[in-house]
Amino acid sequence: MARRVGGCATSLCRGATSLLVPPLLLLLLAYAGPSAAGLYGPTDQIVILQADNVRALILNASSAWLVEFYASWCGHCQRFAPLWKELAMDIREWKPAINLAAINCADITNRFTCANFEVDGYPTLKFFPAYSPPDSVGEPVKAAKRVQSLRQTIITLLEKHGESWPPACPPLEPISQAELGSFFETNSVEYLALVFEKNSSFIGREVTLDLLQFENIAVRRVQDTEEALVSQLAVTDFPSCYLYYPNGTHTRLSVQIENRWFYTYALQNLPGVVRGGYKNVGISGVDNATISEAWQEFDRSRIYMADLESSVSYALRVEVGTHRVLTRKQLSALKSYVSVLVKYFPGRPIMMNFLQVLNSWLKSYTESELPYSTLEKEMENGFNVPNLALPPTIKWVACQGSRTHFRGYPCSVWTLFHLLTVQALQNEKASSRDADPQEVLKAMLGYIKNFFGCRECASHFESMATESMSSVRSLEQSVLWLWQRHNHVNSRLAGAPSEDPKFPKIQFPPPDVCLACHSELNGEHTWKTDKVLQFLKERFSADRILNDYLEEESQILAKQKEKLAAQRQAESDRLAQENQKWTQEPVVGLAVEGGKDEPEEEDPGIPQEQRDEAPMEEVDLGRNHKPSIVKGSLRHRETEDDIVDLDTFVDQHYKSKALQAAARKRSLSKREERHKPLQFQTEDLDLKDDMALHSRLKKRGLSSKRVMVNEELLINEHWLSVFSVGFSRLDVSLCVLLYLLSTMCLLGMYMFFKLRLRMRKQKQALA
């Protein structure tokens, strides 16, 4: 259940809604904390989604779904979580018409799922109507600040269902007098509760859904404009609730306060009204990341390379990976981010090699958009360059929190850019007059604006940058500007749900860390900026970085080699299976003359070893599902088999032969015979023009079977080969004759029109 902290006070206690929860349960709500990793647990009436079950549950489902996509480290998500839990508790009786769910996009196993649903900021609410198609990405829903507003939004979304109305959802439209007269003829219930209300009221629909899981009662609403029913029941108060019985009588429901909760409570406790047999959707146990990692002891006065590498790895794999296609602006922001890392990040050789190659690859990429799948493939393969890799393990040390959803990634981002501003200041080249003092800050702004998942956080940072970043004129000011903005954020978030109680949001550095940084003026606290700058330069210097808890570079490279070797082996096995499939296919051929296969002859000019060992070549020419002729019989082949297009073979005077056939024996005397009649027999094959035929067939898109053609067919005296198309002498003669006739016709037309034009000119001259 939810813990209510600071400004997120328990709104369940406001008004009559607080009566929904007994005092003991409210006490549990006040002291029970969230799960160790995600923001929600199995007792929150919220279905916890994961990558392996999200589509199966919410798409093509018989109920509607409202899903929150969140990141557990996002401060805005943590502030929104109590409201989401409160809403889930408030509408728990509305299942299975509508289910509330949540998926943690900070979990690396869910990053592609969140990206596929087009989620690029947190928290994001999306509504999935009943029977949503498999390719649905949901309808965005604005996150309200009150449970009542969210509840009414859900009702409005449910009413948008057309023919795909959720089977478990009762009618929400007003009832008319005509419908009331025949209601009990089609419904076997003991009570019909009629909630009379004004047109703008949601009480009737809310009570209808509150009674969804109860039997022997139905609830319908009546608008004040339905004058016939209002007069029939002598209704004078809006809202008010009346019980209508099968015998046509009615009574007014007696409650202390005319509101939703009192109506619901009274109706659920009527004699004969019982809860139905509905069971909640199986909520997966706790998040797969709810088990907290072992605590790592660390020195608070130092920074750790594990945090820095984890920040870069998480940014490139998760935050950037949220976007399936990087736009021009996002690609530019990514290039700037990687560029400053290459310049100023004091990483290990394996990491620096990776960043340098990535930077070069991004600079050479000239397209306006970059699919993330392309970038990811290159990164995971190490750009096919040895001795570089992006460390796959994400481990927080100085940025670890008392619970896994505290600190972590946001802490590492601040640490990383503090380090980069100091390294830029200490870098000799960057300290030159031509250096841009805002280079690191601009890269940070671009990254946060385009990729940082907590969109409210990104908006706040962008506002701060717009207000004052232009005043930065030196690298020293760059270091101090980021320090001041960080303290400003700490001040704003102090006491917020995102604050780790073990690591409170304080003004840094505190007196016990840097006493010389603090001063007093007229009784007010002030900072000695020169001392602060000196402190920051020392704290974020490269020699203050500890390499504890890091995985050895040799181990990372070994794992990457094993992974790449496994991928290559899998690809090799796949190709081998395909080759084996082709070589095991049956004999394919066509006998145009004779109709029978004759014994094969071996070519004495080819050594026996070459005939035994020479593999048959194959050309992959497509997989069209067409009939094939096998030894004169017609049969259909499976879609995955390649097809021999025999008609095209005849047109091109090529002849098919079985893959099992070896080199054909043919004597030199037979090869010298050039003037024999054309024969379409599968036995008259040769290997002379096999390579040329192989290339020609591939261009023309014919079969993937190996075809051997008799050289006599290509240079036979009865045929001419022009542009790879065969013509007989008769064909050529007819073409020449037609050409001459067309020429004479055109010449005659030319002379006719020329003489006619001349005669017309002569007449005009005489006139």
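Could you grab me the full set of residues in the stretch 229-251 that are within 18 Å of Pro170 (Cα to Cα) and either open to solvent by 50 Å² or more (accessible area, probe 1.4 Å) or aromatic (Phe, Trp, Tyr) (or both)?
The answer is Tyr244, and nothing else.
Run Glu173 past the list (1) touching a Pro at 6+ places or on another chain (Cβ under 8 Å); (2) open to solvent by 30 Å² or more (accessible area, probe 1.4 Å) and report the number of the one that doesn't hold.
(1)
For (1) within 16 Å of the chain's Cα centre (by Cα); (2) within 17 Å of Ser62 (Cβ to Cβ), each residue gets a yes or a no:
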| position | (1), (2) |
| --- | --- |
| Tyr122 | yes, no |
| Tyr131 | no, yes |
| Asp135 | yes, no |
| Val141 | no, no |
| Ala144 | no, no |
| Gln148 | no, no |
| Leu158 | no, yes |
| His161 | no, yes |
| Ser164 | no, yes |
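Given the conditions (1) more than 17 Å from Met305 (Cα to Cα); (2) buried (at least 20 other Cβ atoms within 10 Å of the Cβ); (3) small (Gly, Ala, Ser), report the number of the one that Ala389 does not fulfil.
Condition not satisfied by Ala389: (1).
Kindly evaluate Arg14 against the criterion of being open to solvent by less than 50 Å² (accessible area, probe 1.4 Å), over 26 Å from the mean Cα position of the chain (by Cα) and modelled with pLDDT under 90.
Considered against the rule, which asks whether it is open to solvent by less than 50 Å² (accessible area, probe 1.4 Å), over 26 Å from the mean Cα position of the chain (by Cα) and modelled with pLDDT under 90, Arg14 comes out as no.
Taking Lys528 as the residue in question, decide whether it is modelled with pLDDT under 90 and open to solvent by 70 Å² or more (accessible area, probe 1.4 Å).
No.
Can Arg317 be described as out of contact with any Ser or Thr (no Cβ under 6 Å at 6 or more places or on another chain), closer than 20 Å to Ala398 by Cβ and at pLDDT 90 or above?
Here the answer is no, as Arg317 does not meet what is asked.
Among the residues of the stretch 90-109, count how many are more than 15 Å from Leu39 (Cα to Cα) and out of contact with any helix residue (DSSP H, G or I) (no Cβ under 7 Å at 6 or more places or on another chain). Lay out the reasoning, then the answer.
First, pick out the residues of the stretch 90-109 that are more than 15 Å from Leu39 (Cα to Cα): 90-99, 108-109.
Filter once more, so that each one left must be out of contact with any helix residue (DSSP H, G or I) (no Cβ under 7 Å at 6 or more places or on another chain): 92, 95-96, 99, 109.
Within the stretch 90-109, residues that are more than 15 Å from Leu39 (Cα to Cα) and out of contact with any helix residue (DSSP H, G or I) (no Cβ under 7 Å at 6 or more places or on another chain) number 5.
Look through Ala51, Ala61, Ala71 and report the one residue that is surrounded by fewer than 24 Cβ atoms within 10 Å (Cβ to Cβ), modelled with pLDDT of 90 or more and farther than 24 Å from Arg151 by Cβ.
Residue meeting the stated conditions: Ala51.
Restricting attention to the stretch 210-226, which residues are in contact with a helix residue (DSSP H, G or I) (Cβ under 9 Å, 6 or more places away or on another chain) and of a type in the set (D, E, K, R)?
Asp210, Arg220, Arg221, Asp224, Glu226
Before we move on, is Lys531 assigned to a helix (DSSP H, G or I) and touching a Cys at 6+ places or on another chain (Cβ under 8 Å)?
Spelling it out, Lys531 is indeed assigned to a helix (DSSP H, G or I) and touching a Cys at 6+ places or on another chain (Cβ under 8 Å).
Hey, could you check the stretch 301-351 for residues that are in contact (Cβ under 8 Å) with a residue 60 or more places away in the chain and basic (Lys, Arg) and say which is most open to solvent (accessible area, probe 1.4 Å)?
Among those that are in contact (Cβ under 8 Å) with a residue 60 or more places away in the chain and basic (Lys, Arg), it is Lys329.
Quick check on my filter: what residues within the stretch 119-147 are without any contact (Cβ under 8 Å) to a residue 60 or more places away in the chain and open to solvent by 10 Å² or more (accessible area, probe 1.4 Å)?
Passing the criteria: Pro123, Thr124, Asp135, Val137, Glu139, Pro140, Lys142, Ala144.
Can you list residue pairs whose Cβ atoms sit under 8 Å apart, with the first residue in the stretch 211-223 being touching a residue at least 60 places away in the same chain (Cβ under 8 Å) and the second being of a type in the set (Gly, Ala, Ser)? Count only pairs 6 or more apart in sequence or on different chains.
As it stands, the answer is Leu211/Ala193; Leu211/Ala218; Leu212/Ala97; Leu212/Ala168; Gln213/Gly276; Phe214/Gly276; Glu215/Gly276, since those pairs meet every condition given.
Is it fair to say Tyr304 is among the hydroxyl-bearing types (Ser, Thr, Tyr), under 24 Å from Val397 (Cβ atoms) and under 18 Å from the mean Cα position of the chain (by Cα)?
The answer is no for Tyr304.
Check whether at least one residue in the stretch 495-508 is modelled with pLDDT of 90 or more and in contact with a strand residue (DSSP E or B) (Cβ under 9 Å, 6 or more places away or on another chain), and report yes or no. Walk me through it before giving the result.
Keep residues of the stretch 495-508 that are modelled with pLDDT of 90 or more, which gives 508.
Those left that are additionally in contact with a strand residue (DSSP E or B) (Cβ under 9 Å, 6 or more places away or on another chain): none.
The answer is no, given that none of the residues of the stretch 495-508 is modelled with pLDDT of 90 or more and in contact with a strand residue (DSSP E or B) (Cβ under 9 Å, 6 or more places away or on another chain).
When both residues are 6+ apart or on different chains and their Cβ atoms are under 8 Å apart, which pairs have a first residue that lies in the stretch 547-569 and is farther than 18 Å from Met379 by Cβ, and a second that is assigned to a helix (DSSP H, G or I) and charged (D, E, K, R)?
Once the first residue is farther than 18 Å from Met379 by Cβ and sits in the stretch 547-569, its partners that are assigned to a helix (DSSP H, G or I) and charged (D, E, K, R) give Leu550/Glu309.
From the list Ala465, Ala435, which residue is free of Cβ contacts under 8 Å to residues at least 60 places away in the same chain, surrounded by fewer than 22 Cβ atoms within 10 Å (Cβ to Cβ) and not in a helix (DSSP H, G or I)?
Criteria check complete, one pass: Ala435.
Mind checking which residues of the stretch 97-116 are part of a loop (DSSP other than H, G, I, E, B) and surrounded by 22 or more Cβ atoms within 10 Å (Cβ to Cβ)?
Passing the criteria: Ala97, Cys105, Ala106.
Among the residues of the stretch 579-602, is there at least one that is among the small types (Gly, Ala, Ser), at pLDDT 70 or above and not in a strand (DSSP E or B)?
Pass one, the stretch 579-602, residues among the small types (Gly, Ala, Ser): 589, 591, 594-595.
With at pLDDT 70 or above added as a condition, the list becomes none.
No, the conditions are met nowhere in the stretch 579-602.
Could you tell me whether Gly495 is in contact (Cβ under 8 Å) with a residue 40 or more places away in the chain and on the phi > 0 side of the Ramachandran plot?
Considered against the rule, which asks whether it is in contact (Cβ under 8 Å) with a residue 40 or more places away in the chain and on the phi > 0 side of the Ramachandran plot, Gly495 comes out as yes.
I'm trying to understand the selection: among the residues of the stretch 223-249, which are among the acidic types (Asp, Glu) and under 51 Å from the mean Cα position of the chain (by Cα)?
Asp224, Glu226
Looking only at the stretch 468-493, filter to residues that are in contact with a Pro (Cβ under 6 Å, 6 or more places away or on another chain) and part of a helix (DSSP H, G or I); which one of those is most open to solvent (accessible area, probe 1.4 Å)?
Leu475
Here's the yes/no breakdown for (1) over 28 Å from Thr156 (Cα atoms); (2) open to solvent by 20 Å² or more (accessible area, probe 1.4 Å); (3) modelled with pLDDT of 90 or more:
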| site | (1), (2), (3) |
| --- | --- |
| Ser201 | no, yes, yes |
| Ile217 | no, no, yes |
| Glu227 | no, yes, no |
| Gln296 | yes, yes, no |
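Could you tell me how many of the residues in the stretch 186-213 are under 20 Å from Gly272 (Cβ atoms) and not aromatic (Phe, Trp, Tyr)?
The total comes to 15.
The values are calculated or read from the model by the stated rules, or taken from the named source; none is laboratory data. Please read these numbers as outputs of a predicted model, since none were measured by experiment. Reconstructed Cβ throughout: ideal geometry from the backbone, glycine too, with neighbour counts over all protein chains shown. All accessible areas refer to the heavy atoms of the entire protein, side chains included, with ligands and DNA or RNA removed. Shrake-Rupley method; radii C 1.70, N 1.55, O 1.52, S 1.80 Å.
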